[in-house]
Amino acid sequence: MQYKIYRFVLLISLLLWLTSCAAQPEAGSVSTVASSSGATAPSNTITAVKVDTLTTDSAAAYWANAPVSTVHTKATEKGKADGPDVNIQAAYDGKNIAMRLEWADTTESNLNKAWTWDGSKFSRSKDLGDRMGVLFPIENNANFSSKGCAGACHNLDADPEKWWMGSESADSRFDLWQWTAASSNPVGQAQDEWMGAQEDPADMESATHSDALKSGGSVSNVNKAKDGPAFMGNDLSASFIITGEQTPIDTSKLTQGAVIPPSILAPWVGSRGDVQAKGVWKDGKWVVVLLRALDTGNDEDLVLTPPKAYPLGVAVFDHIDLVGHTTTADVLTLEWK
Amino acid sequence: MSIIEQPISPYREVKDQTETSSGERATMATWIDERTGLVSANRAFLSWPVPKYVERNLLYSLGGLTLVSLIYQFFSGICLLFYYDPSAEAAYNSVDYITYQAPLGWLVRSIHHYNASAIVILVFLHLLRTFFFSAYKAPREVTWLSGVVLFLITLGFGFTGYLLPWDQKGYWATRVGTEMAGQVPLLGSALAQLMRGGATLGQLTLNRFFVTHVALLPGALVLLLALHLYQHRYHGVAPTISKRGQIRARHSVPYFPNWVIMDVLLGLGLLALLIYLSWHERAPLAFPANPADTDYSPKPEWYFLFLFHLLHYVPGRLEPFLIVVVPLLVIGSMFLLPFLDTGEERRPWRKPVTTAVALFYVAVIIIFTFLGS
């Protein structure tokens, strides 16, 4: 009898140990937060769920099953106010990944340095549009993997003019998906860019490059005298002009205070247009869905290989420039379910 | 009369019997055997009589299953070596390549990962079985001692292998591990220096851990395993403690297939389990090691968790004491066991003190492992 008990105890021990090692949590795991959809996810981990087919529809049914990670954004400038919390979800279908980002913004800023007609002349507004960026290291990057956006942001100098974004060396690059309410959202895209090392110390954005472009993209809507727009849209109430829908500017049709978009937009064709996007501002918040192929086949893009986990960072620009934007303070991790 | 010189071999008798029973057919096997003696040696090896109570008994297959598990580990490790680059700059990328790009690399690495845990579990259970059956008693002290050292070697494999991916988990766990070693009174700093190859973890550390993992420990393992198995053969299977087993011990069965079949089936079952675990969740690979990331919360591999977690319960000044005393107590007890427990009694329930001490150790290890996880 005792012999059987010993044997039973040994077998139970074996099972317990096997279970414990199989269920061993990752080191540095983080707490979970409740999500609006009822699912939960570790706060700094974005878990992409597998679905049949992806779209840029932010109301697609599968988002109800995707865990929501709520991440906080902080100002890059010391002493400035924190940015909004961003609810992030992700899904993938074997060929593409989609990310749904939602954040509070009391104002819809979808014009970027637009022209304003005062009844006698045009003036250029200094107002900027809302923007959002998602940043991944293309190569394995220990610094970014532990620091997140801070691993790519060189903002320690007292003079913000000397700050720059990019990598420490040329063999380490970042993939940047930059959605802008004014210029990329109307064409259903986020601009696909990459960042390397800083090329010009005097130019803080010299590390950032747009991906290759075959055709398309925006052109500046400015006349030869550079004192006003060259074109206006068929729909004067629209915040954007799509190529082919513009007509030469006719001030007789403009009322005082009319706003003319500063660019004529066309979708990017080529690697720069790899990221589809759809953003909607409603009820004081932006909801943006980004969609991209897991492997675009382009060298300047990160190849996403489930189930490998990827570090990433998210930045929110509330109608403000690079210096004033807010970013996720900790590294975020994209995982796959 | 054969023209071939007959070797003086303990297997000679078996060989002659085999030849008599199978006639004088000039088969390839007899040709090889006449020149090498390997066939008859193999026959003698396989026909080794073992007590009937080992047949279809899971507890007596733990050793064989451990051996099968070690073979899996050896072959999966060799496969990983084809791609692994032991340099601090490239180690992570090579493991990343193995895990996400190399054909079936994920499977091989995951099997290696899960099997490392399986080996620790199996060796531990094998030690427990040997302990509770009092199989360490004379004349099997050397079998027991070699088994204890083999257990320590498997832990050494785990400790050194953890660093090799050069990811955050392995880097920081190793840093904590070497810092713990550095707290050993008198020898600490020299020991830490020996492990790291410098003041901090770097290329030299990776070199040392890699060489230890793929050369020193496997060499030691093979030698000790040979001694362990030879001792096992030399002394035979230890007497059983159950009455039913004692009745069955009156009969013997050949090692092959009666005992081997269980090891083989369990080995295949283990392989299936390893493949399932690998398929269910690939071996983890944390983000690349960042020595500057002081916020990282290190955690050792689960089989060192109990010791790591125990440290939470002692004041900092007592840590060196705990780091030295607990392992010394446990390992020392294991080494001294066959020389302290020299009585005739083999049944654990009739040796309450020895059994209670062992159960206390096991309980502490299991409880603190779970608490630490």
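The values are calculated or read from the model by the stated rules, or taken from the named source; none is laboratory data. These figures come from a predicted structure and were not determined experimentally. When we count neighbours, we look across all protein chains shown, and the Cβ atoms used for this are built from the backbone with ideal geometry, even at glycine. When the accessible area is computed, the model is the full protein with side chains, heavy atoms only, and any ligands, DNA or RNA have been set aside. Shrake-Rupley method; radii C 1.70, N 1.55, O 1.52, S 1.80 Å.
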When only residues in the stretch A:202-257 that are aliphatic (A, V, I, L, M) and without any contact (Cβ under 8 Å) to a residue 12 or more places away in the chain count, which is farthest from A:E300 (Cα to Cα)? A:A225
Take the conditions part of a loop (DSSP other than H, G, I, E, B), out of contact with any strand residue (DSSP E or B) (no Cβ under 9 Å at 6 or more places or on another chain), within 14 Å of chain B (Cβ to nearest Cβ) and modelled with pLDDT under 95 and apply them to A:E26. Does it pass? yes
Residue identified as open to solvent by 60 Å² or more (accessible area, probe 1.4 Å), touching a residue at least 24 places away in the same chain (Cβ under 8 Å) and either in contact with an Asp or Glu (Cβ under 6 Å, 6 or more places away or on another chain) or under 26 Å from A:P160 (Cα atoms) (or both) among A:K74, A:K95: A:K74
Determine which member of the set A:G129, A:G188, A:G166 is free of Cβ contacts under 8 Å to residues at least 60 places away in the same chain and more than 14 Å from chain B (Cβ to nearest Cβ). A:G166
Where B:P103 falls short, out of the listed (1) part of a helix (DSSP H, G or I); (2) at pLDDT 95 or above; (3) open to solvent by 20 Å² or more (accessible area, probe 1.4 Å): (1)
Within the stretch B:174-193, track down each residue that is under 16 Å from B:A88 (Cβ atoms) and within 13 Å of chain A (Cβ to nearest Cβ). B:T174, B:R175
Residues of the stretch A:254-306 being among the small types (G, A, S), under 30 Å from A:A104 (Cβ atoms) and not in a strand (DSSP E or B), in sequence order, are A:G257, A:A258, A:G273, A:G284
Within the stretch A:110-118, is there a residue that is surrounded by fewer than 20 Cβ atoms within 10 Å (Cβ to Cβ), more than 25 Å from A:S43 (Cβ to Cβ) and touching a strand residue (DSSP E or B) at 6+ places or on another chain (Cβ under 9 Å)? yes
Failed condition for A:I249, given (1) open to solvent by 70 Å² or more (accessible area, probe 1.4 Å); (2) farther than 21 Å from A:A181 by Cβ, with all others met? (1)
Limited to the stretch A:202-228, what total is found for residues that are farther than 30 Å from A:I138 by Cβ and surrounded by 15 or more Cβ atoms within 10 Å (Cβ to Cβ)? 3
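Okay, residues lined up against (1) touching a Leu at 6+ places or on another chain (Cβ under 6 Å); (2) at pLDDT 95 or above; (3) β-branched (V, I, T):
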position: A:T180; (1), (2), (3): no, yes, yes
position: A:V187; (1), (2), (3): yes, yes, yes
position: A:Q191; (1), (2), (3): no, yes, no
position: A:Q198; (1), (2), (3): no, no, no
position: A:D203; (1), (2), (3): no, no, no
position: A:S206; (1), (2), (3): no, no, no
position: A:V219; (1), (2), (3): no, no, yes
What helices (runs of 4 or more DSSP H) completely inside the stretch B:158-269 contain at least 1 residues that are open to solvent by 50 Å² or more (accessible area, probe 1.4 Å), in contact (Cβ under 8 Å) with a residue 40 or more places away in the chain and among the charged types (D, E, K, R)? B:168-182, B:217-235, B:243-248
Given (1) of a type in the set (G, A, S); (2) open to solvent by 20 Å² or more (accessible area, probe 1.4 Å); (3) within 14 Å of another protein chain (Cβ to nearest Cβ), where does A:G313 come up short, assuming only one miss? (2)
Matching entry among A:F231, A:F240 (being touching a helix residue (DSSP H, G or I) at 6+ places or on another chain (Cβ under 7 Å) and open to solvent by 60 Å² or more (accessible area, probe 1.4 Å)): A:F240
What's the total number of residues in the stretch A:259-283 that are touching a helix residue (DSSP H, G or I) at 6+ places or on another chain (Cβ under 6 Å) and buried (at least 19 other Cβ atoms within 10 Å of the Cβ)? 2
Please state which one of B:S69, B:S61, B:S87 is polar (S, T, N, Q), part of a loop (DSSP other than H, G, I, E, B) and in contact with a helix residue (DSSP H, G or I) (Cβ under 7 Å, 6 or more places away or on another chain). B:S87
Among (1) within 14 Å of another protein chain (Cβ to nearest Cβ); (2) open to solvent by 40 Å² or more (accessible area, probe 1.4 Å), where does A:G148 come up short? (2)
Within 21 Å of B:L224 (Cα to Cα), touching a Ser or Thr at 6+ places or on another chain (Cβ under 8 Å) and open to solvent by 30 Å² or more (accessible area, probe 1.4 Å): does that describe B:H112? no
So which residues in the stretch A:29-66 are modelled with pLDDT under 95 and not polar (S, T, N, Q), if there are any at all? A:V30, A:V33, A:A34, A:G38, A:A39, A:A41, A:P42
For the structure I just gave you, tell me whether B:L216 is more than 12 Å from chain A (Cβ to nearest Cβ), over 24 Å from the mean Cα position of the chain (by Cα) and among the aliphatic types (A, V, I, L, M). no
Assigned to a loop (DSSP other than H, G, I, E, B) and either in contact (Cβ under 8 Å) with a residue 60 or more places away in the chain or open to solvent by less than 40 Å² (accessible area, probe 1.4 Å) (or both), is that true of A:S172? yes
Kindly indicate whether any position in the stretch A:107-116 is in a loop (DSSP other than H, G, I, E, B) and of a type in the set (D, E, K, R). yes
In the set A:P267, A:P261, the lone residue that is within 30 Å of A:D295 (Cβ to Cβ) and not hydrophobic (A, V, I, L, M, F, W, C) is A:P267
Only one of B:V95, B:V108 is within 14 Å of another protein chain (Cβ to nearest Cβ), part of a helix (DSSP H, G or I) and modelled with pLDDT of 95 or more. Can you tell me which? B:V95
Subset of the stretch A:313-337 (residues that are within 14 Å of A:Q178 (Cβ to Cβ) and in contact with a helix residue (DSSP H, G or I) (Cβ under 6 Å, 6 or more places away or on another chain)): A:G313, A:T327
Any residue in the stretch A:181-203 that is among the hydroxyl-bearing types (S, T, Y), closer than 21 Å to A:R131 by Cβ and either part of a strand (DSSP E or B) or under 15 Å from the mean Cα position of the chain (by Cα) (or both)? yes
Would you be able to tell me the number of residues in the stretch A:138-163 that are over 17 Å from A:A75 (Cβ atoms) and in a loop (DSSP other than H, G, I, E, B)? 4
Within the stretch B:122-140, identify whether any single residue is in contact (Cβ under 8 Å) with a residue 40 or more places away in the chain, out of contact with any Phe, Trp or Tyr (no Cβ under 8 Å at 6 or more places or on another chain), outside any helix (DSSP H, G or I) and charged (D, E, K, R), and answer yes or no. yes
